[in-house]
Amino acid sequence: TNPGFVVRITQAGLDYAHEQGIAILEKELAQLKLPDISGDSRVLRVGKVHYELSRLRLRDFHLPYSRITPIPNVGLQVSISNAFAELDGDWRVKFLFVRDHGSFNLKIENVYIKINLRLGSDTAGKPTISTSDCSASISKVRLLLSGKLGWLYNLFHKVIESRLRKILEDKVCDNVVESVENELHTYIRTLPVTARIDDKTGIDYSLVAPPRATAQSLDTDLKGEFYSLAHRSTVPFSPLPLAFPSDHDRMVYFGVSSYFFNTASIAYHKAGALVFEITEAMIPKDVGFSLDTSVFSAFIPQLEEKYPNMPMKFRLSAPTAPFLTIGPGGISFQPIVDAQAYAILPDSSLAPLFLLSLVRNVSAVINERSGRIVGSLDVGRIRLSLKDSAVGSFQVRTMQSLMNILASSTLLPRLNARLDEGFPLPLLDRIQLSNIIVKFHQNFLLLGADVHFQPR
C-alpha cells in the first residue's frame, strides 16, 4: 500500500534525537543499582581471603562519545565509546585472624556499548521500538581501597575488579533494555495515529508499514487519510507513489500527497460541510450593494415583476468533492459550485429563483504553524452557466462581475478562515518545528523543518 503521508528523519534529525536520548541514558545509568558482593579469594602461599563489598554507590556515568547509524533493513545502531564511571562503597576483609574494613573507590574507564534497535508497528498502526541486541565491554577497572594493610589488598583486588567488571557489563545492558522499553518505546507511542479535526472529520495517521531505515535516513509511511466521523467508508482511489527527493538540509521532512488533501474533500463533502449560505448580513458594507431582487433585476427583469424589492439568499454547495492536483508549480484545482438563489418572502419562506453553476480556477498557499498544516486560497474569475431558472431565461454573462464580487467577499474569507486553523501534523509529544521550507513535487508537497524537543 502506498502511503498518503511520509515522514523522513534525516541523519541530522537522528543525531538530534540521539543527543536527547543519550542525555536520558546517562541519567538512567547513573542510577544503576549494584548488588553487594562477597566471596573468597584463595591466594597462593597465603590462604583464603574473605571479602565483602557493600553499599555500592554509582556517582555518575558519562557517555562522551557516541553516534547513531541507520542500518538498512535492520533498524538503528547506537555505538558508545570511551565512556567512564566512578563508584564507591564500603569493604570488609577477613584473613586468618586479621580483620579490616574501610571505604573504596572504583574507576571504570574505556566502556564500549553497542545497541541495536528494532523498529516495527503494532496492529493499531502505532510505531514500536525494542532492543534487538546489546553488548557492553569494560577494558579498564581500577579499585582503590583505603586502609593500612596495603600488601593484603593487593592479593585480591584483581579478583574483585574482574567480578565488578562482569556485573557492570551485564547491568549496563539490562539498564539499556529497560530504558528503551520504559522511556523510548513509551515516548514514540505518543505519535497520534488518529487526530480528530472537528465535529465532522478526523485524520488517520496509522503506519502502513514498519519504519524503514536507509543508509541516510529513517522513513515512516503513514496512511494519511481524512475520514468522516459519521460516514467512514473506503476511499475510491489509491495513493500514488511519492518520489521522495534526496533533500537532507532539515532534520525532518513530511511528504504530503494529493491523496491526503483529496480525502479531506471527500470527508467534508460526505459530512455535508461543503454547503454555505450567503445572506445580506454576511456582505461587507464596502462592497456597495445589497443582496435583494432590485439589484438582480438589472440582469433579470422578471424578478421585479414577481418578487419586487425582496431580500435574497444564495445557497452554495459542491455537487461533487473537489479534487486538487499538486505539481512543481504548486497546488491548483477547479471546484464546481452550485449556487441556488432564493427570494425571501414576507413570511420568511423561500422562493427558488435560479440555479447557477460556478467554475473557478483556485490556487493554494501551504505552510506550517505551531505543528499544523495551514493554508490559504487565491481564486481567479468565475465562469457561470445557468442550470435551472424559475424566472425565465437570462444572460448569465451579464452578472459575471457581481457573482465574482459576491463569492470573493463572503465565501473565500470563510474558507480561508478554516484553512488558517490548519490540520495537525503527526508529531511526537513535546516536539516543536522551526526553519520551515515548503517545496512542490509531482503529486505531493514536501515540508521540511528542524526539530526542538522540550523536556519535561
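The values are calculated or read from the model by the stated rules, or taken from the named source; none is laboratory data. Not measured: the values here are computed from a predicted model. For neighbour counting, all protein chains shown are included, and Cβ atoms are generated from backbone atoms with ideal geometry for every residue, glycine included. Areas reflect the complete protein model, heavy atoms only, side chains present, ligands, DNA and RNA absent. Shrake-Rupley method; radii C 1.70, N 1.55, O 1.52, S 1.80 Å.
Quick one: Debye curve from the C-alpha atoms of the chain, no solvent, what's log10 I(q)/I(0) at q = 0.08 Å⁻¹? The calculated log intensity ratios at q = 0.08 Å⁻¹ are -0.65. Look at where the Cα atoms of the stretch 328-372 and of the stretch 227-242 average out, and the two centres are 23 Å apart. Length gained on full extension, residue 214 to residue 359: 47.7 nm, using 0.36 nm per residue less the C-alpha separation.
Normalised by residue count, the stretch 311-388 yields a Cα convex hull volume of 139 Å³ per residue.
Full extension of the segment from residue 55 to residue 398, taken as 0.36 nm per residue of separation minus the current Cα-Cα distance, would add 114.2 nm.
Sorted largest first, the spans of the alpha carbon positions of the stretch 253-371 along the three principal axes are 60, 31, 26 Å.
Counting only Cα atoms, the stretch 11-189 measures 67, 29, 25 Å along its principal axes, largest extent leading.
Can you give the convex hull volume of the alpha carbon atoms of the stretch 93-219 per residue, in Å³?
Taking the convex hull of the Cα positions in the stretch 93-219, it is 170 Å³ per residue.
Since only 334, 349, 371 are under comparison, the one whose Cα sits farthest along the positive direction of the charge dipole of the stretch 194-453, derived from C-beta charges on Lys, Arg, Asp and Glu, is 334.
Put 379, 74 in order of accessible area, largest first, 1.4 Å probe: what do you get?
74, 379
Over the stretch 181-226, what number does the Rg to Rh ratio reach, with both radii from the alpha-carbon atoms and Rh per Kirkwood? Rg/Rh: 1.08. You can think of it this way: the chain between residue 285 and residue 114 has 54.6 nm of extra reach, that is 0.36 nm per residue less the Cα-Cα gap.
The smallest convex shape that holds all Cα atoms of the stretch 194-453, its convex hull, gives 152 Å³ per residue.
Going by average Cβ neighbours within 10 Å, how do the peptides 224-233, 435-444, 346-355 rank, with the highest at the top? All intermediate terms of the calculation are to be shown ahead of the outcome.
Working: 224-233: 18.4, 435-444: 15.8, 346-355: 13.2.
For the peptides 224-233, 435-444, 346-355, the packing ranking is 224-233, 435-444, 346-355.
Cβ neighbours within 10 Å, averaged per peptide: list 91-101, 356-366 in order, most packed at the top.
Packing order, densest peptide first, comes out as 356-366, 91-101.
Which entries of 285/387; 48/158; 33/140; 140/171; 94/171; 148/171 show an alpha-carbon separation above 22 angstrom in the structure shown? As for pairs spanning more than 22 Å Cα to Cα, those are 285/387; 94/171; 148/171.
Placing unit charges on each Cβ (+1 for Lys and Arg, -1 for Asp and Glu) gives the chain a dipole about its Cα centre, and among 216, 295, 230 the Cα reaching farthest toward its positive end belongs to 216. Each principal axis of the stretch 1-100 carries a Cα extent, and these read 78, 25, 24 Å when sorted largest first. For residue 441 and residue 73, a Förster radius of 35 Å and the Cβ-Cβ distance give a FRET efficiency of 0.85, rounded to the nearest 0.05. 3J(HN,Hα) along the stretch 242-249: 9, 7, 5, x, 8, 5, 9, 6 Hz, from the Karplus curve 6.51 cos²θ - 1.76 cosθ + 1.60 with θ = phi - 60°, whole Hz, x for Gly and Pro. Between 175, 50, 91, the Cα set farthest toward the positive side of the dipole of the stretch 11-189 (charges on each charged residue's Cβ, about the Cα centre) is that of 50.
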